[in-house]
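J.: Here it is, the structure in full.
The values are calculated or read from the model by the stated rules, or taken from the named source; none is laboratory data. Remember, it's a predicted structure, so these values are computed and weren't measured experimentally. Note that we place each Cβ from the backbone using ideal geometry, even for glycine, and neighbour counts take in every protein chain shown.
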Amino acid sequence: MKNEINPFENAQRQLDIAAEILKLDPGMHAFLREPMRELHVSLPVRMDDGTVKVFKGFRVQYNDARGPCKGGIRFHPEETIDTVRALAAWMTWKCALLDLPLGGGKGGVVCEPKKMSKGELERLSRAYIRQVGRILGPEMDIPAPDVYTDAQIMAWMMDEFSAMQGHNVPGVITGKPLCLGGSCGRSDATARGGMYVIREAAKVLGIDLKGKTAAIQGYGNAGQFAHKLGQELLGLKVVAVSDSRGGIYCEAGLDPEKVMEHKATTGSVMDFPGCTNITNEELLTLDVRVLIPAALENQITEKNASQIRAKILAELANGPTTTDADGILYKNGVFVLPDFLCNAGGVTVSYFEQVQNAYNYYWPIEEVYEKLDKKMTAAFHAMYEMAQAYGVNNRVAAYLVAVSRVAEAVRMRGWV
Ligand code: NAD
């Protein structure tokens, strides 16, 4: 535990690099290094056995210069204020990179949701909103689901907030069920957004993706949709996929529907008929055109980065590549689509959900796809142009775009 990097210090170091390149004013740099606002709460909840348990909760509003804060709420036993601060900072940069009129925030409750009953989870969700609701609202801060929180939890939270206001306020939270003002296209938005930026990367690299090979690490929400949409939208031939137990390889390509069915019945992608079982380490170093990490953080490190043979590395997962690996990939000409660009489709459709709630008018799915494509494409090109202009890797370039946009808003408001 002692040697673990503090995630917030990590987020601050990433900002420091951007600040130095941008020659940011020292006062501005100091302001952007810290959250603007934090609320720490104690939540007494009546448990099913009649006792009262007190949970600790947080909401961090990192920066709202560009608009109301946006960011998920996590229910996790190892939640800490520093994790929430780091995630709130990353949301600030992600929303700015996508040019959404939003700031960044994040929330969390220290709890073990897997050991709680549905009733206990509902009482905890409502207790959180009763305490934190005073700093939430469509014009202030709009949470969303994150680790171990889902559409049902968002529905309870929205209902509690609406009860506090005395009228329906669907725009206070996103990731709601469709029947309560959720948006079409939210379920596959992360993977779909990733496909749009892979398409743009291929264009600038002069690669025709049709029939080209791809490998996907992780076969959950992000990985499964990436398989399906990679084939459908880009014509990619996905030759390898994996989950926590291991992976499979098939030179002829894998049918997404059949692999999903196999995983649903056996619990894993392993032992899929006609395929060779491979390890997760082997999958990462396959000779494929596109590699999509869609599982965990720290998968591509200084140990295996030099063996990555893919031309495009599309980070659907959060933090799959370490800083040391980044330098090696850049030197070797691997084109990295950094996580806070590649997986930003989710927050973008969350923003669309909020806009539709404000209108009380809902878009057909084609309109969501079209608007998502425009946002992702514009963000890709903003990053790419910055990378060319400063001669830096894509991740640093994405920070430069995001930090300069937030700094400009802070400056124009006259805060610094
Ligand atoms: P998920 O829980 O649905 O799926 C995770 C998958 O990873 C599972 O198939 C699991 O078996 C696999 N996995 C776990 N450990 C593994 C290992 N050691 N090697 C290979 N595979 C392993 O999660 P998800 O929603 O698909 O999220 C995946 C990643 O994408 C996370 O980093 C998440 O933060 C990021 N992400 C997801 C979304 C989203 O909308 N789902 C949005 C932004 C970012």
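J.: Go through (1) surrounded by fewer than 18 Cβ atoms within 10 Å (Cβ to Cβ); (2) farther than 23 Å from G185 by Cα; (3) within 16 Å of the ligand (Cβ to nearest atom) for D243 and report which single condition fails.
T.: (1)
J.: Regarding segment 43-64, can at least one residue be identified that is touching a helix residue (DSSP H, G or I) at 6+ places or on another chain (Cβ under 6 Å), at pLDDT 95 or above, among the basic types (K, R) and not in a strand (DSSP E or B)?
T.: No: segment 43-64 contains no residue that is touching a helix residue (DSSP H, G or I) at 6+ places or on another chain (Cβ under 6 Å), at pLDDT 95 or above, among the basic types (K, R) and not in a strand (DSSP E or B).
J.: To continue, here is another question. Pull up segment 172-189, narrow it to residues that are assigned to a loop (DSSP other than H, G, I, E, B) and not small (G, A, S), then point me to the one that is surrounded by the most Cβ atoms within 10 Å (Cβ to Cβ). Explain how you work it out, then say what you get.
T.: Taking segment 172-189 first, the residues assigned to a loop (DSSP other than H, G, I, E, B) are 173-177, 181-188.
From what's left, not small (G, A, S): 173-174, 176-177, 184, 186, 188.
Numbers: I173: 32, T174: 28, K176: 27, P177: 13, C184: 19, R186: 22, D188: 20.
It comes out as I173.
J.: Residue check, V147 against (1) of a type in the set (V, I, T); (2) part of a helix (DSSP H, G or I); (3) under 29 Å from A379 (Cβ atoms), all met but one. Which one?
T.: V147 satisfies all of (1) of a type in the set (V, I, T); (2) part of a helix (DSSP H, G or I); (3) under 29 Å from A379 (Cβ atoms) except (2).
J.: Kindly indicate whether A226 is more than 23 Å from K210 (Cβ to Cβ), touching a Gly at 6+ places or on another chain (Cβ under 8 Å), within 13 Å of the ligand (Cβ to nearest atom) and in contact (Cβ under 8 Å) with a residue 40 or more places away in the chain.
T.: The answer is no for A226.
J.: Could you say whether any residue in segment 190-211 is surrounded by 22 or more Cβ atoms within 10 Å (Cβ to Cβ), within 16 Å of the ligand (Cβ to nearest atom) and of a type in the set (D, E, K, R)? Walk me through it before giving the result.
T.: Initially, segment 190-211 is screened for residues surrounded by 22 or more Cβ atoms within 10 Å (Cβ to Cβ), giving 190-198, 201, 209.
Now narrow it down to the ones that are within 16 Å of the ligand (Cβ to nearest atom): 190-198.
Subsequent filtering for residues that are of a type in the set (D, E, K, R) retains 192.
Yes, segment 190-211 has at least one match.
J.: Also: Any residue that is closer than 21 Å to D208 by Cα, within 21 Å of the chain's Cα centre (by Cα), within 15 Å of the ligand (Cβ to nearest atom) and touching a residue at least 24 places away in the same chain (Cβ under 8 Å) - is there at least one of those in segment 276-291?
T.: First pass over segment 276-291, keeping only residues closer than 21 Å to D208 by Cα: 286-291.
Then keep just the ones that are within 21 Å of the chain's Cα centre (by Cα); that gives 290-291.
With the extra rule that they be within 15 Å of the ligand (Cβ to nearest atom), the set shrinks to 291.
Remaining after also requiring touching a residue at least 24 places away in the same chain (Cβ under 8 Å): 291.
Yes, that holds for at least one residue.
J.: Give just the number: which of (1) among the acidic types (D, E); (2) farther than 26 Å from D16 by Cα; (3) in contact with a Gly (Cβ under 7 Å, 6 or more places away or on another chain) does E297 not satisfy?
T.: Here E297 meets the rest and fails (2).
J.: Ok, one more. Just the residues that are within 16 Å of A398 (Cα to Cα), small (G, A, S) and within 9 Å of the ligand (Cβ to nearest atom), please, taken from segment 312-333.
T.: G319
J.: Follow-up question, since we're still on this one. Can you report the number of residues in segment 312-355 which are more than 16 Å from the chain's Cα centre (by Cα), hydrophobic (A, V, I, L, M, F, W, C) and closer than 25 Å to P145 by Cβ?
T.: Number of matching residues: 1.
J.: Here's a follow-up. Tell me which of these A11 doesn't satisfy, since it passes every other one: (1) surrounded by fewer than 20 Cβ atoms within 10 Å (Cβ to Cβ); (2) assigned to a helix (DSSP H, G or I); (3) modelled with pLDDT under 95.
T.: Condition not satisfied by A11: (1).
J.: Select, from P77, P177, P113, the only residue that is in contact with a Cys (Cβ under 8 Å, 6 or more places away or on another chain), free of Cβ contacts under 8 Å to residues at least 60 places away in the same chain and within 29 Å of M47 (Cβ to Cβ).
T.: Just one listed residue meets the conditions, P77.
J.: To continue, here is another question. Taking the criterion of being in contact with a helix residue (DSSP H, G or I) (Cβ under 6 Å, 6 or more places away or on another chain) and in a strand (DSSP E or B), would at least one residue in segment 89-100 satisfy it?
T.: no
J.: Working only within segment 335-368, note down all residues that are in contact with a helix residue (DSSP H, G or I) (Cβ under 8 Å, 6 or more places away or on another chain), more than 16 Å from the ligand (Cβ to nearest atom) and among the hydrophobic types (A, V, I, L, M, F, W, C).
T.: Hits for segment 335-368 are F335, A358, W363.
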